[in-house]
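Below is one structure, written out as structure tokens, with a few remarks after it.
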Amino acid sequence: GHFWLRGRRPDQPVSFDAGTGMWNVYGYPEALRILGDPKTFSSDTSRMVPEIARPAERSLTQLDPPMHSKLRKLVSHAFTPKVVADLEPRIAALTNELLDTAADTGRLELVADLAYPLPVIVIAELLGVPGSDRYLFKQWVDKMFEGSQRFSLVNRSEEQERNLEFVMEQAKHLSDYLGEHAAERRLRPRADLLTQLVEAEVDGERLSQAEVVNFANILLIAGHITTTMLLGNTVLCLDAQPEQLARARADRSTLPAVIEESLRFFSPFAALSRVTNVDVEFGGQQVPADQLLMVWIAAANRDPRQFADPDVFDPSRDPNPHLGLGRGIHFCLGAPLARLEGKVALDILLDRFPHLRTDPDEPPLFLPSPNMTGVRKLPLLTS
Ligand code: HEM
């Protein structure tokens with residue numbers, strides 16, 4: 001479980017877990033060292049799990065320099081902060097539409113009514129695929145997460161092997177779906193991100209079909225489940241601290257800081273993985289080459305060596321150098337979108353529901369995954 005969320009801390013910032021065959025990294029300085037040194041700590045975890053290695057389809061998150069820099073430049077060309085900023089009115093309109101549909105019953109299920117559909121419709125519309133297809137994505141992505149839990153490098157059970165196959169199948173459904181749309185845009189360009197990705201050119205280089213599909217894939221997956229968690233987590237944090245909720249209500253200019261503290265306090269992405277390229281000593285341990293590291297940013301974000309009173313939700317932390325969106329060359333490309341969606345949706349929620357609070361008779365349900373911190377169901381009372 002999320003033991004660091006209960007205020008307990010591991011004795012060691014870095015330790016080997018014989019049960020999974022992986023190293024756990026819990027400390028802030030140790031996490032910072034890893035994320036800042038891609039030469040030593042590679043993102044190419046696919047080489048540890050040959051079943052999911054798809055070398056022909058280069059995926060941004062799993063690339064190291066110099067390939068990473070090239071691909072990141074190409075996709076950043078299409079997915080710019082300006083493209084994101086222009087979405088603000090649409091995000092607000094969608095939030096209101098979704099809440100209109102759900103309103104007037106005195107209750108809200110935050111995830112199903114808003115936190116899930118909002119980011120997935122936004123990213124689907126941005127890419128240029130119908131938002132109404134979100135039931136397809138949800139089905140595939142939910143099954144992918146279900147199947148990829150409890151993954152281990154050693155002693156993989158038959159069930160885990162089947163899970164892996166199942167995950168690959170779901171990933172293929174999603175890739176095929178996006179591949180059809182991307183191929184269509186090559187023939188008939190439109191005003192959407194898929195077309196821009198197909199046409200993006202840096203130094204005479206373009207993305208291959210596989211690269212476009214892969215990136216669209218990352219956006220769809222990374223772009224919705226995490227923001228869903230961010231919204232749910234932020235509402236939970238505020239609900240638990242009435243004085244912070246009152247402050248946020250009274251002064252909406254504090255919302256960005258509330259979102260940042262929520263990213264620290266309840267990091268949706270609890271862990272990032274890296275592989276050691278060489279033998280390396282850190283956190284008091286000798287780690288050989290070719291070891292898989294789980295970098296628990298959720299734990300690092302509560303390291304008392306970095307954050308005073310780490311188990312207190314305090315939006316007035318300044319600075320707040322949390323690792324919730326990563327750090328270094330792989331820093332979340334969707335950060336401006338996640339922050340904007342979080343701010344706009346929270347602002348409208350506070351406007352429309354002056355009495356918003358959790359339902360004592362129906363507690364939230366958390367995602368079962370150890371790598372993800374978030375709710376999958378959050379019943380709220382609105383009156
Ligand atoms: C990378 C978290 C929302 C797209 C990352 C990383 C983290 C992260 C921790 C670093 C991964 C690593 O270093 O291995 C989050 C959280 C989000 C969020 C907590 C919401 C609250 C989004 C959204 C999008 C997105 C909305 C896109 C629409 C990406 C991409 C990368 C990434 C493309 C890979 C960047 C690279 O490898 O260069 N995200 N993310 N994320 N994120 Fe996000």
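Just so it is clear, none of the values below were taken in a lab; they were calculated from the coordinates. Just so it is clear, the model here is predicted, and its values are computed rather than measured. Glycine gets a Cβ as well: all are built from the backbone with ideal geometry, and neighbour counts include every protein chain shown.
For the chain, what are the DSSP H helices with axial Cα length of 27 Å or more and mean Kyte-Doolittle hydropathy of at least 0.5?
Passing helices, by number: 209-240.
For a protection proxy built on the mean count of beta-carbon atoms within 10 angstrom, sort 246-252, 289-295, 164-170 highest first, please.
289-295, 164-170, 246-252
Quick check: residue separation of A92 and D290 times 0.36 nm, minus the Cα distance between them. What number comes out in nm?
Result for the pair: 66.7 nm of gain on full extension.
Checking the a/c ratio against 1.5 first, then a/b against b/c, what shape does the Cα gyration tensor give for region 110-251?
Judged from the Cα gyration tensor, region 110-251 comes out oblate (a/c at least 1.5, b/c at or above a/b).
With +1 on the Cβ of every Lys and Arg and -1 on the Cβ of every Asp and Glu, and nothing else charged, how large is the dipole of the chain about its Cα centre, in debye rounded to the nearest 20?
That gives the chain a dipole magnitude of about 440 debye.
Sticking with the crude label model, points 7 Å out along Cα→Cβ, report the distance from F331 to S132 in nm, one decimal please.
So the two model labels end up 4.0 nm from each other.
Please compute the contact order of region 3-381 in relative form: average sequence separation of alpha-carbon pairs under 8 Å and at least six residues apart, divided by the residue count, as a percent.
It comes to 26 percent, rounded to a whole number.
For the chain, what is the calculated [θ] at 222 nm in deg cm²/dmol (nearest 500), taking -39500 (n - 2.57) for each run of four or more DSSP H residues and dividing by its residue count?
Rounded to the nearest 500, it is -15000 deg cm²/dmol.
Residues of region 324-353 with the amide nitrogen closer than 17 Å to a label point 7 Å from the Cα of K39, along Cα-to-Cβ, please.
Under cut-off, by backbone N: 328-330.
Compute the Cα gyration tensor for region 330-375, then decide on rounded, prolate or oblate, letting a ≥ b ≥ c be the square roots of its eigenvalues: rounded whenever a/c is under 1.5, prolate when a/b is larger than b/c in the other cases, and oblate in all that remain.
oblate
In nanometres, what is the gap between the two model label sites at E243 and R186, each 7 Å from Cα along Cα-to-Cβ?
Each label point lies 7 Å from its Cα, and together they span 6.0 nm.
Quote to one decimal, in nm, the extra length available between E205 and E161 on full extension: 0.36 nm per residue of separation minus the C-alpha distance between them.
That works out to 12.0 nm of additional length.
What is the Cα centroid distance between region 266-322 and region 209-238, reported in whole angstrom?
Each part's Cα centre sits 21 Å from the other's.
Sort the chain into rounded, prolate or oblate with this rule: let a ≥ b ≥ c be the square roots of the eigenvalues of the Cα gyration tensor; rounded if a/c is under 1.5, and if a/c is not under 1.5, prolate when a/b is larger than b/c, oblate otherwise.
Note, shape of the chain comes out oblate.
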